[in-house]
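First the structure, in the form of structure tokens, and then the observations on it.
The values are calculated or read from the model by the stated rules, or taken from the named source; none is laboratory data. Keep in mind that what you see is a predicted model, and the values were worked out from it rather than measured. Cβ atoms come from the backbone with ideal geometry, glycine included; neighbour counts cover every protein chain shown.
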Amino acid sequence: MAIRENLEHIISEIPKNVSLVAVSKTKPFEDLKEAYEAGQRIFGENKVQELVEKQMQLPDDVQWHMIGHLQRNKVKYIAPFISLIHSVDSLRLLKEINKQGSKLNLKINCLLQIHIAQEENKFGLSATELDEIFTSIEDFEFVNIKGLMGMATFTNDQVQLKSEFTYLAQLFKEKAIDFKNLEILSMGMSGDYQLAIDCGSNMIRVGSRIFGARNYHH
């Protein structure tokens, strides 16, 4: 029953306006079922194939979030059911999502992923690329840009994390003045979600604090 207790503990710690995404990547279906039975309804996956398989097993009231890097040729597999794509990190990907949305006559909810970490290998848009997307936002009839997402540097340095979260929160505030649809700021994971919330996050992505350490046997 550890999963239920972990969920209850996290929910008791976070403000009511903060959404909790249970990061269930690499976790067996039994773990997701346990979280579902404990009341969790938002699950985040980072691989399309795993996401599609799990989506077929859990009830329809689950909201599925794509939180990992998304390849353009995989968008079509998740477009019919995805609740939110966190990881839109290029204009080309956004165009593909719009194309798949138009085929289904469906608006697909997205977050724009901003590069805030010091590591080069993390994906994300620069502030300039973000501006380019907002300039051409009218072209994306089948995309609903709901907010911004960022992945901080993998570090215990609280000063560094705070500066990255603060930067993203400031960018979000500036954009939300002009674009009223922007309501989600997704930042913060198992190790740093309290700090992220203090900096303005209203959606956190938590895996190991719910499900325990990751399984790498996939």
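In region 36-43, is there at least one residue being surrounded by 15 or more Cβ atoms within 10 Å (Cβ to Cβ) and part of a helix (DSSP H, G or I)? Checking region 36-43: at least one residue is surrounded by 15 or more Cβ atoms within 10 Å (Cβ to Cβ) and part of a helix (DSSP H, G or I). Contact map, region 155-169: residues that are buried (at least 16 other Cβ atoms within 10 Å of the Cβ) paired with residues that are assigned to a helix (DSSP H, G or I), Cβ distance under 6 Å, separation 6+ or inter-chain. Pairs shown: Leu161/Leu195; Phe165/Ala196. Restricting attention to region 190-207, which residues are at pLDDT 95 or above and in contact with a Gly (Cβ under 9 Å, 6 or more places away or on another chain)? Those that are at pLDDT 95 or above and in contact with a Gly (Cβ under 9 Å, 6 or more places away or on another chain): Gln194, Leu195, Ala196, Ile197, Cys199, Ser201, Asn202, Met203, Ile204, Arg205, Val206, Gly207.
Listed here are the residues, each with its yes/no results for (1) outside any loop (DSSP other than H, G, I, E, B); (2) modelled with pLDDT of 95 or more; (3) touching a Cys at 6+ places or on another chain (Cβ under 8 Å); (4) loosely packed, with under 14 Cβ neighbours inside 10 Å.
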| residue | (1), (2), (3), (4) |
| --- | --- |
| Ile3 | yes, yes, no, no |
| Asn17 | no, yes, no, yes |
| Leu20 | yes, yes, no, no |
| Thr26 | no, no, no, no |
| Val52 | yes, yes, no, no |
| Leu93 | yes, yes, no, no |
| Ile97 | yes, yes, yes, no |
| Lys103 | yes, yes, no, yes |
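Remark: Gly147 matches the filter, which requires a residue to be modelled with pLDDT of 95 or more and at positive phi.
For region 170-207, a residue qualifies if it is free of Cβ contacts under 8 Å to residues at least 40 places away in the same chain, part of a helix (DSSP H, G or I) and surrounded by fewer than 20 Cβ atoms within 10 Å (Cβ to Cβ), and the qualifying residues are Gln170, Lys173, Glu174, Ala176, Ile177, Leu195, Asp198. Leu130 falls short of the stated requirement of being within 21 Å of Gln71 (Cα to Cα), outside any loop (DSSP other than H, G, I, E, B) and in contact with a helix residue (DSSP H, G or I) (Cβ under 7 Å, 6 or more places away or on another chain).
In contact with a helix residue (DSSP H, G or I) (Cβ under 6 Å, 6 or more places away or on another chain) and acidic (Asp, Glu): is that true of Asp192 in this structure? So Asp192 fits the description; yes. Leu32 passes every criterion in (1) free of Cβ contacts under 8 Å to residues at least 24 places away in the same chain; (2) buried (at least 17 other Cβ atoms within 10 Å of the Cβ) apart from (1). The set of residues in region 105-127 being under 14 Å from the mean Cα position of the chain (by Cα), assigned to a loop (DSSP other than H, G, I, E, B) and within 21 Å of Ala79 (Cβ to Cβ) consists of Phe123 alone. Of all residue pairs spaced 6 or more apart or on separate chains, those with beta-carbon atoms under 7 Å, a first member in region 71-88 that is of a type in the set (Phe, Trp, Tyr) and a second member that is at pLDDT 95 or above are Tyr77/Val48; Tyr77/Val52; Phe81/Gln55; Phe81/Trp64.
Is region 140-148 home to any residue that is more than 24 Å from Arg41 (Cβ to Cβ), touching a residue at least 40 places away in the same chain (Cβ under 8 Å) and crowded, with 17+ Cβ neighbours inside 10 Å? There is at least one residue in region 140-148 that is more than 24 Å from Arg41 (Cβ to Cβ), touching a residue at least 40 places away in the same chain (Cβ under 8 Å) and crowded, with 17+ Cβ neighbours inside 10 Å.
Which residues, counting only those in region 77-91, are hydrophobic (A, V, I, L, M, F, W, C) and surrounded by 19 or more Cβ atoms within 10 Å (Cβ to Cβ)? Residues satisfying the conditions are Ile78, Ala79, Ile82, Leu84, Ile85, Val88. Yes or no: region 154-173 includes at least one residue that is aliphatic (A, V, I, L, M), at pLDDT below 95 and farther than 19 Å from Val23 by Cβ. Taking every residue of region 154-173 in turn, none turns out to be aliphatic (A, V, I, L, M), at pLDDT below 95 and farther than 19 Å from Val23 by Cβ.
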